[in-house]
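S.K.: Structure incoming, see below.
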Amino acid sequence: MSRTTSTGYSHQELWDAWNRLWNGDYAIADDYVSRTMRVNIPEFGMPDPAALSDGPQIAAWISAFRSSYDSAAGITGELGPFFVGDYAIGRWVFRGTWAGGRPATATVRPGTEVTFRGVDILRFEDGRIAEYWLTDDQLDLYAQLGAVAGTESEEQPPATLPARLAGLTPDAGRFVLLERVLDLTAELLEDDEVSGAVDTATFLSLGVDSLTAVELRNRLQEESSLRLPTTMVFDFPTPQALAGYLWSRLGEMPAAPSADPLGTLSQLEALAPALTEPGQEALRAELTDRLATLAKRLAPVPSAAQEELQAASATELFAYLDSRLGRAEQAG
């Protein structure tokens, strides 16, 4: 619960003032920030913390950072704040359009949109913000701005879904698949907020249309090496349902051939009732195709003599029989 300080500002009001500062309201800095402010920030891309000891200095630092972005750039709360005694903690997301300037090593063109996240911790004392801790994804921001040397050339392709699922429990595997489904959907919709959608959200409510559904299927098909139904998002209308379906196809596949093929066949036979349920048409079709292919592979390999007989014409077959049995007119 947010407490009230000796100045009359509640902890919630102090937290809100801090966010207003980061969104460009520099005039309030001296009212809410202690004259003996202590700042704890990462070393990468940051000023000397000793130079940030009061409201005006904090405001100048924030202003310098914001000067590289459009006027609409700013932070919004994503989680919290949570108050514990005289401390508050919350996660935020910054969104803005880079206008040029800092960092000097940036290689992207002005107009590039960036998004990165961080966590703030504040300590309150005597009705002011007395101490600040920051942890943020500054390296990710620099990568988006092309300011980190070698990020593009050294980037490795993402692991395939089967590789990412190797050794995971069912719950962990389904969670990984759900995250990937949401991330791909967010990428295709160009909406980062989709990555954090609740479990009950449907593809329709997230804004997925027919074209996006096809693109999502193609991406998952490529990453999983599975043949997925064209009606995938209609058969499995929520990301959670789709993740469960993908787990049923990927997560329970044996890593190596079973030492007991008859036992594996028995397991498949035990699954047969579930495979007849609605929504399993694509899976049944694939099983039918693969079992037919397997049956052909398991068929006995014909000998050379059998292959010759199969390729022989009717005249050649009669000639062969005559050589073995004698001509028909000589019989009996």
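S.K.: Looking at the range 196-215, which of its residues are among the small types (Gly, Ala, Ser) and open to solvent by 50 Å² or more (accessible area, probe 1.4 Å)?
M.R.: 196, 205, 210
S.K.: So the check is Cβ under 6 Å with 6+ separation or different chains; which pairs have a first residue in the range 120-147 that's farther than 12 Å from residue 106 by Cα and a second one that's outside any strand (DSSP E or B) and acidic (Asp, Glu)?
M.R.: Pairs that qualify, where the first residue is farther than 12 Å from residue 106 by Cα and the partner is outside any strand (DSSP E or B) and acidic (Asp, Glu), are 123/86; 124/86.
S.K.: Let me ask another. Looking at the range 14-46, which of the residues that are buried (at least 18 other Cβ atoms within 10 Å of the Cβ) and outside any helix (DSSP H, G or I) is modelled with the lowest pLDDT?
M.R.: 41
S.K.: What's the number of the only condition in (1) outside any strand (DSSP E or B); (2) buried (at least 17 other Cβ atoms within 10 Å of the Cβ) that residue 102 fails to meet?
M.R.: Of everything listed in (1) outside any strand (DSSP E or B); (2) buried (at least 17 other Cβ atoms within 10 Å of the Cβ), residue 102 misses just condition (2).
S.K.: Looking only at the range 190-248, which residues are outside any helix (DSSP H, G or I), of a type in the set (A, V, I, L, M, F, W, C) and under 26 Å from residue 95 (Cα atoms)?
M.R.: Across the range 190-248, the qualifying residues are 197, 198, 201, 208.
S.K.: Within the range 60-77, take every residue that is in contact (Cβ under 8 Å) with a residue 40 or more places away in the chain and in contact with a helix residue (DSSP H, G or I) (Cβ under 9 Å, 6 or more places away or on another chain) and give me the one that is surrounded by the fewest Cβ atoms within 10 Å (Cβ to Cβ).
M.R.: Among residues in the range 60-77 that are in contact (Cβ under 8 Å) with a residue 40 or more places away in the chain and in contact with a helix residue (DSSP H, G or I) (Cβ under 9 Å, 6 or more places away or on another chain), the one surrounded by the fewest Cβ atoms within 10 Å (Cβ to Cβ) is 77.
S.K.: Name the single residue, out of those in the range 105-124 being surrounded by 15 or more Cβ atoms within 10 Å (Cβ to Cβ) and not aliphatic (A, V, I, L, M), that is farthest from residue 53 (Cα to Cα).
M.R.: 112
S.K.: Taking the range 224-247 only, how many residues are farther than 14 Å from residue 279 by Cβ and either over 17 Å from the mean Cα position of the chain (by Cα) or buried (at least 19 other Cβ atoms within 10 Å of the Cβ) (or both)?
M.R.: Qualifying residue count, the range 224-247: 7.
S.K.: Being modelled with pLDDT under 85 and of a type outside the set (Val, Ile, Thr) is the requirement here; does residue 272 meet it?
M.R.: yes
S.K.: So which residues in the range 47-59 are open to solvent by 40 Å² or more (accessible area, probe 1.4 Å) and within 37 Å of the chain's Cα centre (by Cα)?
M.R.: 47, 48, 49
The values are calculated or read from the model by the stated rules, or taken from the named source; none is laboratory data. It should be emphasised that the depicted structure is a prediction, and the values quoted were computed from it without experimental measurement. Reconstructed Cβ throughout: ideal geometry from the backbone, glycine too, with neighbour counts over all protein chains shown. The accessibility values were calculated without ligands, DNA or RNA, using every heavy atom of the protein model including side chains. Shrake-Rupley method; radii C 1.70, N 1.55, O 1.52, S 1.80 Å.
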